[in-house]
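Below is one structure, written out as structure tokens; the observations come after it.
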Amino acid sequence: MASLGELERSVMDQLWSTADAATANELRDRLAQSEVQSKDLAVTTVLTVLSRLEKKGLVERERGTRPHRYRAISTREDHTARLMHEALGTAPDREAVLARFIGSVTEAEAATLRRLLTRG
Amino acid sequence: MLAASYLLALLAILLAWPVPVALSRAQWTSRSPFAAMVLWQSIALAGGLSMIGAMLVYGLQPLGDNLLQAIGRAASLVLENKASDELQFWHLFALCAAALLGTHLVFTLGLTYARITSQRRRHRELLEVLSLPSGAIERTLVINHPAPVAYCLPGGSRSVTVLSDGLVEALSSGELAAVVEHERAHLTQRHHLLLWAFEAWRQALPWLPTSRLSREAVSSLVEMLADDVARRTAPDEVLVRAIALVAVGSAGSAPDPAEASLGSSRTPGTAGPSDDGEASVAARLSRLLTPQPQLTAAQTTAVLAVSGLMLAVPTALLLAPGLVT
């Protein structure tokens with residue numbers, strides 16, 4: 001049985017792969033086809049995952065239709081850009097949030113390092 | 001008790017300005033980052049203690065010969081709602097200032113913690129759907145992005161190291177291992193707690209330039225400490241190459257201002273190592289390329305003794321003011 005985190009990732013992958021909104025039933029069928037792990041996935045599990053994703057602001061539910069249809073709020077690329085922005089960002093407390101291997105590098109420093117690398 | 005409050009005030013001034021300035025310029029810190037780290041913590045703690053202590057002792061001094069006795073009498077005055085002609089305006093002023101500053105420091109610490117953890121949680125939520133566990137390395141996630149990036153996200157048992165595709169491709173397996181080792185060291189040595197405390201200190205006292213100085217020194221020292229852990233398993237030149245490759249690769253890939261609208265505020269033109277308090281890459285590299293001998297055991301002991309003394313003096317002045325009168 002896959003963990004909730006893995007399921008969230010699979011559901012998002014499905015929603016990102018098509019622009020259309022999908023119902024929990026459709027998502028379960030698509031997951032069953034694509035994934036090895038989720039053969040006997042219950043619709044309620046998919047709904048749980050979807051409501052978690054909704055709380056996190058990753059999917060939205062279309063109002064007024066039944067059964068509810070869900071869609072991804074923005075593209076995978078947008079989310080990746082935001083993630084990288086947080087990781088590379090220069091907010092003063094960013095360092096306390098996550099510790100990066102290399103901080104910001106000025107162009108002058110980078111030039112010196114390039115010379116060092118080609119020489120070595 | 002009056003003399004004790006003056007001594008505490010003098011100590012507070014020394015620890016707020018000349019001492020941190022001198023330490024931030026000292027060259028020996030890169031030779032023993034651990035001892036330097038202990039010294040910075042002791043300066044910050046002793047500084048806060050003497051700052052608040054000076055005002056407290058001054059304000060309570062008419063009420064008793066030592067702090068405990070004075071606090072007891074002050075409490076009974078307040079509880080019995082009695083007027084006191086012993087306490088003049090300046091005494092009350094100092095007591096209020098001590099209470100305000102103390103509360104302010106504690107609140108800022110809590111607020112900073114809440115903000116940091118909520119940012120981490122949000123980041124982790126995004127990571128959960130955007131990254132894949134690395135097949136080769138334990139407790140490591142890989143995100144799909146060409147820029148070479150490595151970082152760790154602390155969170156108790158859920159702490160993870162995050163690498164980008166770009167990084168995995170750019171580095172050899174030895175270099176990659178050194179990077180992962182460096183990030184793990186941040187987690188196991190709990191560097192995020194130090195960065196949190198000094199970040200809170202900076203936010204609580206933004207008008208005190210040395211609060212920023214100390215935070216910058218601390219973030220530089222934790223990088224050196226993590227480098228030293230990585231050096232135990234990887235040869236220096238491998239670590240040097242990893243640092244240089246990642247630095248060169250990330251030089252052009254810092255988020256541009258257009259992207260900044262997505263996230264929190266970032267004003268253009270404020271980027272750069274000197275402004276956001278990052279450890280200068282150059283300092284880390286020069287330390288690895290031309291290794292200096294570590295401080296001798298005696299020197300390290302001396303630094304640690306000074307750190308201990310720095311904490312002991314204000315504590316003694318607070319609890320036993322009779323010593324100086």
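The values are calculated or read from the model by the stated rules, or taken from the named source; none is laboratory data. A quick note: this is a predicted structure, and the numbers were derived from the prediction, not measured. So basically every Cβ, Gly included, is an ideal-geometry build from the backbone, and we count neighbours across all protein chains shown. Surface areas here come from the heavy atoms of the whole protein model, side chains and all, with no ligands, DNA or RNA. Shrake-Rupley method; radii C 1.70, N 1.55, O 1.52, S 1.80 Å.
Residue check: is B:Y113 of a type outside the set (S, T, N, Q) and open to solvent by less than 70 Å² (accessible area, probe 1.4 Å)?
Against the criterion (of a type outside the set (S, T, N, Q) and open to solvent by less than 70 Å² (accessible area, probe 1.4 Å)), B:Y113 does not qualify.
So which residues in the stretch B:164-176 are among the small types (G, A, S) and surrounded by fewer than 18 Cβ atoms within 10 Å (Cβ to Cβ), if there are any at all?
Once the filter is applied, which keeps residues that are among the small types (G, A, S) and surrounded by fewer than 18 Cβ atoms within 10 Å (Cβ to Cβ), the stretch B:164-176 yields B:S172, B:S173, B:G174.
Got a number for residues in the stretch B:107-156 being within 26 Å of B:I243 (Cα to Cα), of a type in the set (S, T, Y) and more than 9 Å from chain A (Cβ to nearest Cβ)?
Total satisfying the criteria: 2.
Of the residues that make up the stretch B:60-68, is at least one charged (D, E, K, R) and more than 23 Å from the chain's Cα centre (by Cα)?
yes
Out of (1) in a helix (DSSP H, G or I); (2) touching a residue at least 12 places away in the same chain (Cβ under 8 Å), the odd one out for B:A147 is which?
Condition not satisfied by B:A147: (1).
Of all residues in the stretch B:142-163, how many are open to solvent by 20 Å² or more (accessible area, probe 1.4 Å) and either closer than 22 Å to A:T90 by Cα or among the hydrophobic types (A, V, I, L, M, F, W, C) (or both)?
The number of residues fulfilling the criteria is 6.
Among the residues of the stretch B:21-40, how many are of a type in the set (D, E, K, R) and surrounded by fewer than 17 Cβ atoms within 10 Å (Cβ to Cβ)?
1
Tell me the residue from B:V129, B:V106 that is under 22 Å from B:A12 (Cβ atoms) and of a type in the set (A, V, I, L, M, F, W, C), please.
Just a single option satisfies the conditions, and that option is B:V106.
Given the conditions (1) open to solvent by less than 20 Å² (accessible area, probe 1.4 Å); (2) part of a loop (DSSP other than H, G, I, E, B), report the number of the one that A:T90 does not fulfil.
(1)
What's the total number of residues in the stretch B:65-82 that are open to solvent by less than 80 Å² (accessible area, probe 1.4 Å) and in contact with a Gly (Cβ under 6 Å, 6 or more places away or on another chain)?
Counting residues in the stretch B:65-82 that are open to solvent by less than 80 Å² (accessible area, probe 1.4 Å) and in contact with a Gly (Cβ under 6 Å, 6 or more places away or on another chain) gives 1.
Can you work out which of the residues in the stretch A:8-36 that are assigned to a loop (DSSP other than H, G, I, E, B) and open to solvent by 70 Å² or more (accessible area, probe 1.4 Å) is nearest to B:R120 (Cα to Cα)?
Here the answer is A:A19.
Looking only at residues in the stretch B:32-77 that are touching a Ser or Thr at 6+ places or on another chain (Cβ under 9 Å) and β-branched (V, I, T), which one is nearest to B:L309 (Cα to Cα)?
B:I43
For A:R114, state whether it is open to solvent by 20 Å² or more (accessible area, probe 1.4 Å), touching a residue at least 60 places away in the same chain (Cβ under 8 Å), at negative phi and in contact with a helix residue (DSSP H, G or I) (Cβ under 6 Å, 6 or more places away or on another chain).
no
Quick one: is B:R139 at pLDDT 90 or above and open to solvent by 80 Å² or more (accessible area, probe 1.4 Å)?
yes
Take A:R115 and decide whether it is in a helix (DSSP H, G or I) and more than 8 Å from chain B (Cβ to nearest Cβ).
For A:R115, the condition - in a helix (DSSP H, G or I) and more than 8 Å from chain B (Cβ to nearest Cβ) - is met.
Show me the helices (runs of 4 or more DSSP H) entirely contained within the stretch B:151-242 in which 2 or more residues are of a type in the set (F, W, Y) and touching a helix residue (DSSP H, G or I) at 6+ places or on another chain (Cβ under 8 Å).
B:191-204
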